[in-house]
1. Just one of 201, 222, 245 is surrounded by 12 or more Cβ atoms within 10 Å (Cβ to Cβ), more than 34 Å from the chain's Cα centre (by Cα) and at pLDDT 75 or above; which is it?
2. Just checking, does the stretch 274-289 include any residue being more than 54 Å from the chain's Cα centre (by Cα) and either within 30 Å of residue 220 (Cβ to Cβ) or at pLDDT 85 or above (or both)?
3. State all residues of the stretch 154-173 that are at pLDDT below 85 and exposed (fewer than 14 other Cβ atoms within 10 Å of the Cβ); if no residue qualifies, say none.
4. Residue 336 passes all but one of (1) surrounded by 13 or more Cβ atoms within 10 Å (Cβ to Cβ); (2) touching a strand residue (DSSP E or B) at 6+ places or on another chain (Cβ under 9 Å); (3) at pLDDT 80 or above; which number fails?
5. Among the numbered criteria (1) touching a residue at least 40 places away in the same chain (Cβ under 8 Å); (2) within 25 Å of residue 226 (Cα to Cα), which single criterion is violated by residue 331?
6. Is there a residue in the stretch 100-108 that is on the phi < 0 side of the Ramachandran plot, at pLDDT 85 or above and not in a helix (DSSP H, G or I)?
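The values are calculated or read from the model by the stated rules, or taken from the named source; none is laboratory data. Keep in mind it's a predicted model, so treat the numbers as computed, not measured. All Cβ positions, glycine included, derive from the backbone under ideal geometry; neighbour counts span all protein chains shown.
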């Protein structure tokens with residue numbers, strides 16, 4: 001997506017730059033040409049007043065020398081009564097006799113191409129009624145003066161616009177692609193069992209809504225798994241104590257095939273319950289680190305479980321005591337996990353020690 005945006009921006013900006021820069025470059029070239037010929041017309045107009053007053057060669061040479069630029073001006077004066085060509089030429093002639101005669105005959109200015117540039121032929125009426133022609137040479141360098149620089153500036157501006165648009169498109173692409181990439185990574189982590197995976201809510205509105213939905217889904221998955229584990233652990237706790245009583249009763253049945261089968265069945269049932277407890281404990285989801293309010297009061301759990309096991313202890317004549325559970329003790333362990341561990345320990349006491357054996361539960365902070 002990022003490179004697609006960059007390519008689209010590059011193509012659009014390049015087309016816009018070409019659409020504006022090419023016509024503007026042609027206009028600049030035409031303006032430079034018009035400027036050069038306007039200067040030539042002003043030079044020719046500066047000689048016209050002198051031609052209308054006199055046709056003296058020396059005076060006209062001084063006028064041409066003062067008005068002409070780099071020997072680029074010439075004056076062609078016909079002889080009286082001769083309209084086919086110039087009888088007096090002042091300055092260097094570059095235009096052909098045919099072009100000069102055509103301008104004199106038509107009576108209007110004209111331009112013609114010559115070697116190295118162009119010439120402006122301007123007709124001027126003399127006091128004698130004849131038509132003189134003022135020739136001003138415009139070199140090609142004057143026609144294209146400043147055009148190359150202007151084109152270079154246009155090219156630089158166009159390149160800057162293209163680079164800027166590509167940079168902006170790249171930043172926009174990163175802003176769109178990065179949240180999508182994080183969303184994909186979060187989905188992979190969640191699929192691999194890391195239930196603490198969450199994605200930041202950032203980027204465009206669509207991706208922000210997708211991130212919110214993903215985080216909500218992950219929270220629901222964690223909650224469902226926690227409920228399932230809690231249900232399995234609670235069921236295991238409920239089964240363990242009756243099984244302990246059942247095992248003790250089975251032990252008092254004496255000998256015989258029926259008694260042995262009963263004890264074997266009780267042991268198998270205990271193993272199954274232990275398997276359920278281990279499975280529920282091992283299936284703990286990989287969630288995020290618990291916050292300050294997570295965990296449980298260990299003292300409360302100890303008092304609750306000892307109240308449950310005390311009845312069986314009295315039946316077997318066991319003395320027991322609890323120490324350190326008279327004040328709250330917060331620990332970062334789930335209540336169900338602590339209760340399951342305590343039940344497992346107390347169950348081992350009743351299972352593997354003789355009746356009447358005393359035991360104690362001490363809670364140290």
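1. Details: 201 fails: more than 34 Å from the chain's Cα centre (by Cα); 222 fails: more than 34 Å from the chain's Cα centre (by Cα).
Result of the check over 201, 222, 245: 245.
2. Within the stretch 274-289, the first condition is being more than 54 Å from the chain's Cα centre (by Cα), and the residues that meet it are none.
Looking for residues that are more than 54 Å from the chain's Cα centre (by Cα) and either within 30 Å of residue 220 (Cβ to Cβ) or at pLDDT 85 or above (or both), one finds none in the stretch 274-289, hence no.
3. 171
4. Among (1) surrounded by 13 or more Cβ atoms within 10 Å (Cβ to Cβ); (2) touching a strand residue (DSSP E or B) at 6+ places or on another chain (Cβ under 9 Å); (3) at pLDDT 80 or above, residue 336 violates only (3).
5. (1)
6. Yes, because at least one residue in the stretch 100-108 is on the phi < 0 side of the Ramachandran plot, at pLDDT 85 or above and not in a helix (DSSP H, G or I).
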